[in-house]
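Notes follow the structure.
Read-outs: derived from the displayed coordinates by stated rules, not from any lab. Computed from a prediction, not measured in an experiment: that's the story for all the values here. Heads up, the Cβs are rebuilt from the backbone with ideal geometry, glycines too, and the neighbour counts pull from every protein chain shown.
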């Protein structure tokens, strides 16, 4: 049940949102508020303290109570949320985490409806929604950068300028938009993508992988580049071959392209896909080509999508803590609102390795490399140790 102090504070907050005090930028005096609400002086002062705590007003002794410079936007207590597809389970779980934690702190959420069309169409809708956020005076925005788009970094910087011009803070979700090792300078909450790729590759090596490739789609996002780097670190530490040919960019449904990839003596015996969706498409293509998973090649993805669990065989993956990403993003946003001069922070959460049938094979040593059996086993044990150590640190 609301106290009278809380009720007065909420009424004044809504009037600030509605622009009632915009011209004078000064709230009524204590005496005027006492008469209006038939309330005691201490009750009115308590309501003003609530507004001051939210940084909506500033009290100047001897002069009165005035709106802060950011009062209208902060008073809305609403966050904007922009993700590529709010109905896709991965993003839906992140949005759910944002909504539940925002509600706990008294905020509502306004989500963009970008649809499931072509990425350039979603990009246009993202810009339109940015203008909605400005007009609605949202307190802050959670944004999963637009990806799979030519000149994506340039586009995202342009989108961010819309929010910067309206003094709306932004917390990035899942990925930065700057090309590694550069950073955009915004708060970001995601998994440690380098660590995820490293641990997943270490898992494959422990199963006997000798030739690992990282498979990504064109226009790779910064998170994809970091995952690929992690795979490369693990392969190199294990003494396995890692070169330009170890990173494959292509269409997972193009069987002709895959035919060339799996031709010859140096064909891969393990593939880490940029995400579960790409891994699932790869799996179907390989099956149609008569390539057995995991008998001929082990296959794994990243995200923890439903398609990985339902695949046949089930796909090993790194499961992202989606709800926790959303919840953590809200806490970072509240800290940002409380201290706009706070240095940008990158909060990295740990993904969980879930092993399924796509990598469930005994450690394998090819006939052509039996002479290196002991050497390979030593490398595998060393990578296992480093993977465990890095997992604990993360």
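If one computes the Cα centroid of the stretch 80-117 and of the stretch 124-146, what distance in Å separates the two points? Going from one Cα centre to the other spans 12 Å. On a 0 to 90 degree scale, rounded to 10, what angle separates helix 152-165 from the longest Cα axis of the chain? With both axes taken from Cα atoms, the answer is about 10 degrees. With 0.36 nm allotted per residue and the present C-alpha distance subtracted, the residue 26-residue 116 stretch has 27.8 nm of extension available. A P(r) calculated from all alpha carbon pairs of the stretch 9-164, with 5 Å bins opening at zero, reads 2, 8, 16, 17, 15, 11, 10, 8, 6, 4, 2, 1, 0 percent. Taking the average, over residues, of other Cβ atoms within 10 Å as the packing measure, peptides 131-144, 191-204 rank 191-204, 131-144 from highest down. Taking Cα atoms only, the orientation of helix 89-104 departs from the longest principal axis of the chain by about 30 degrees.
In which sequence would 216, 253, 116, 190 go, from the one with the fewest C-beta neighbours within 10 Å to the one with the most? All intermediate terms of the calculation are to be shown ahead of the outcome.
Working: 216 21, 253 13, 116 10, 190 24.
Least crowded to most crowded, the residues run 116, 253, 216, 190.
Of the peptides 173-182, 78-87, the order by per-residue mean of other Cβ atoms within 10 Å, starting with the highest, comes out as 78-87, 173-182.
What separates the Cα centres of the stretch 174-219 and the stretch 229-301 is a distance of 15 Å.
Model label sites at residue 87 and residue 167, defined 7 Å from Cα along the beta-carbon direction, differ in position by 3.8 nm.
Only Cα pairs under 8 Å and at least 6 apart count here; give the relative contact order of the chain as a rounded whole percent.
For the chain, the relative contact order is 16 percent.
So between residue 45 and residue 150, what do we pick up on full extension, going 0.36 nm a residue minus the alpha carbon distance?
Taking 0.36 nm per residue and subtracting the Cα distance, the gain is 32.3 nm.
Spacing of the modelled spin labels on residue 104 and residue 55, each 7 Å from Cα toward Cβ, amounts to 2.1 nm. Among (i) 0.96; (ii) 1.11; (iii) 1.01, find the value of Rg/Rh (Cα atoms, Kirkwood Rh) that was calculated from the structure presented, and write down its label. This structure yields the entry labelled (ii).
Please build a GNM for the chain, connecting alpha carbons under 10 Å apart, and tell me which residue among 336, 54, 226 fluctuates the most. Looking only at 336, 54, 226, the largest GNM fluctuation is found for 54.
Return 258, 337 ranked ascending by Cβ neighbour count within 10 Å, so the fewest neighbours appear first.
By the 10 Å Cβ count, ascending, the order reads 337, 258.
Modelled label positions at residue 265 and residue 218, each set 7 Å beyond Cα in the direction of Cβ, lie 3.4 nm from each other. Packing here is the average count of other Cβ atoms within 10 Å per residue, and on that basis the peptides 339-350, 25-36, highest first, run 25-36, 339-350. For the chain, the mean residue ellipticity at 222 nm estimated from helices alone is -14500 deg cm²/dmol, where every DSSP H run of n ≥ 4 contributes -39500 (n - 2.57) and the total is divided by all residues, rounded to the nearest 500.
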